[in-house]
DNA sequence: AATACGGGGTT
DNA sequence: AACCCAGTATT
């Protein structure tokens with residue numbers, strides 16, 4: 001029973017990092033889980049003491065490793081919550097190398113909350129062009145306005161206020177308050193899932209609410225709350241550089257003696273995932289319509305890909321069709337009714353564009369018309385040389401590059 | 001609980 | 001082709 005009183009004390013120390021009160025049993029499970037020497041635990045308080053040392057030792061090893069191996073990144077030079085915020089949003093589901101230029105350009109143009117809040121959404125999207133997950137940019141913009149109104153333009157410090165902002169979830173809120181103010185909230189991102197699942201050989205699927213909860217608790221247990229920010233960066237960096245998804249070089253890992261998966265030779269089988277994403281095929285026919293140096297665009301609206309971005313008039317079919325087939329569609333006939341004779345050429349055909357849940361097969365037609373007709377009124381008329389002012393999806397950009 | 005949301009890199 | 005990336009919001 002001695003062990004329980006000790007665990008209780010331990011739990012009390014760690015309590016601030018848990019959002020809800022957790023049961024003693026749950027703490028014990030985590031505690032046992034957070035150490036390899038599961039069998040030795042039930043013995044003495046002294047033994048237990050050394051295990052606690054072990055727990056802190058993991059955090060210490062991570063931080064030491066981090067000091068030696070961390071990358072120099074621009075946002076790591078800053079302690080401005082705004083800068084950290086921007087970097088975290090850009091880095092969601094995005095590699096550092098891919099987001100770097102965007103970060104520099106974005107913070108150059110929008111150096112603080114006020115400048116972002118007062119910008120037009122179209123300009124914010126333009127700065128996001130090509131990065132993907134465009135709701136991040138729209139939410140960033142909305143959140144900046146929100147900060148102006150609700151917090152007087154000052155970035156909030158309380159976790160509950162931070163997470164109340166659009167586009168900021170558990171991970172990003174924890175990252176901001178721990179990096180900037182060293183608040184003891186554990187971060188749980190793809191890296192942390194991987195490191196922890198291997199370190200403690202946890203086979204709970206990470207892509208379920210249950211898995212997320214379990215790993216968040218475990219992350220809180222492993223973290224030394226006194227060095228929360230440092231620890232959080234360290235464990236993510238380890239996942240990014242050392243404990244990589246495939247073929248990690250475990251021989252040089254600072255945690256190899258403590259890694260249960262490494263000990264069992266099962267590193268490759270972690271983390272466990274349950275849901276496989278399924279994709280669907282779509283067939284896009286873009287119409288680059290020309291008349292007196294002008295063309296036409298439309299702004300995509302909600303509940304589909306690329307919300308807020310611009311594109312050429314689009315006809316989507318449910319199967320692959322050639323131009324003859326396209327001409328027969330109602331959409332095509334309506335669009336060109338009264339436009340006179342069409343001079344059609346194929347700009348790009350059979351472009352395959354892969355998204356996370358869709359595979360797009362796109363063809364671009366360049367169509368000269370004789371007259372502006374009624375149907376074109378519902379589109380935005382744009383001088384051809386001003387096309388680059390509009391934020392467009394990567395797929396459209398590929399075609400624009402070819403036009404030059 | 002499951003799925004949608006981009007684009008690019010690695011193996 | 002499959003998997004993953006400093007995840008979040010919606011259904």
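Quick notes on this structure:
- Those residues of region A:254-269 which are buried (at least 19 other Cβ atoms within 10 Å of the Cβ) and within 16 Å of DNA strand B (Cβ to nearest atom), in sequence order: A:267
- Hey, residue A:189 within 29 Å of residue A:354 (Cβ to Cβ), within 15 Å of DNA strand B (Cβ to nearest atom) and touching a helix residue (DSSP H, G or I) at 6+ places or on another chain (Cβ under 6 Å) or not: yes
- Among residues of region A:135-146 that are touching a residue at least 40 places away in the same chain (Cβ under 8 Å), those with a beta-carbon under 7 Å from a residue that is more than 10 Å from DNA strand C (Cβ to nearest atom) and not in a helix (DSSP H, G or I) at least six positions away or on a different chain give the pairs A:135/A:307; A:138/A:308.
- Verdict on residue A:157 being modelled with pLDDT of 95 or more, more than 14 Å from DNA strand C (Cβ to nearest atom) and surrounded by 17 or more Cβ atoms within 10 Å (Cβ to Cβ): no
- Filter result for residue A:226 (in a helix (DSSP H, G or I) and more than 12 Å from DNA strand C (Cβ to nearest atom)): yes
- Flag if residue A:129 is buried (at least 18 other Cβ atoms within 10 Å of the Cβ) and away from DNA strand C (no atom under 16 Å from the Cβ): yes
- Of all residues in region A:138-147, none satisfies being more than 11 Å from DNA strand C (Cβ to nearest atom), crowded, with 17+ Cβ neighbours inside 10 Å and either under 27 Å from residue A:235 (Cβ atoms) or at pLDDT below 95 (or both).
- Within region A:85-96, residues that are within 20 Å of residue A:142 (Cα to Cα) and assigned to a loop (DSSP other than H, G, I, E, B) reach partners that are at pLDDT 95 or above and more than 6 Å from DNA strand C (Cβ to nearest atom) with beta carbons closer than 7 Å, at six or more positions or on different chains, in the pairs A:91/A:99; A:92/A:136.
- Hey, residue A:122 at pLDDT 95 or above, assigned to a helix (DSSP H, G or I) and touching a strand residue (DSSP E or B) at 6+ places or on another chain (Cβ under 9 Å) or not: yes
- Candidates in region A:97-119 are the residues that are in a helix (DSSP H, G or I) and without any contact (Cβ under 8 Å) to a residue 24 or more places away in the chain; of these, the one that is nearest to DNA strand C (Cβ to nearest atom) is A:97.
- Looking at A:312, A:284, A:336, just one residue is surrounded by 17 or more Cβ atoms within 10 Å (Cβ to Cβ), within 27 Å of the chain's Cα centre (by Cα) and either within 16 Å of DNA strand B (Cβ to nearest atom) or not assigned by TED's automatic domain parsing to the domain that holds residue A:193 (or both), and that residue is A:284.
- Enumeration of residues in region A:260-281 that are in a loop (DSSP other than H, G, I, E, B) and within 27 Å of the chain's Cα centre (by Cα): A:270, A:271, A:272, A:273, A:274, A:275, A:276, A:277, A:278, A:279
- Test: residue A:209 is within 13 Å of DNA strand B (Cβ to nearest atom), assigned by TED's automatic domain parsing to the domain that holds residue A:86 and within 25 Å of residue A:268 (Cβ to Cβ): no
The values are calculated or read from the model by the stated rules, or taken from the named source; none is laboratory data. Please read these numbers as outputs of a predicted model, since none were measured by experiment. Neighbour counts run over all protein chains shown; Cβ positions are idealised from the backbone, glycine included.
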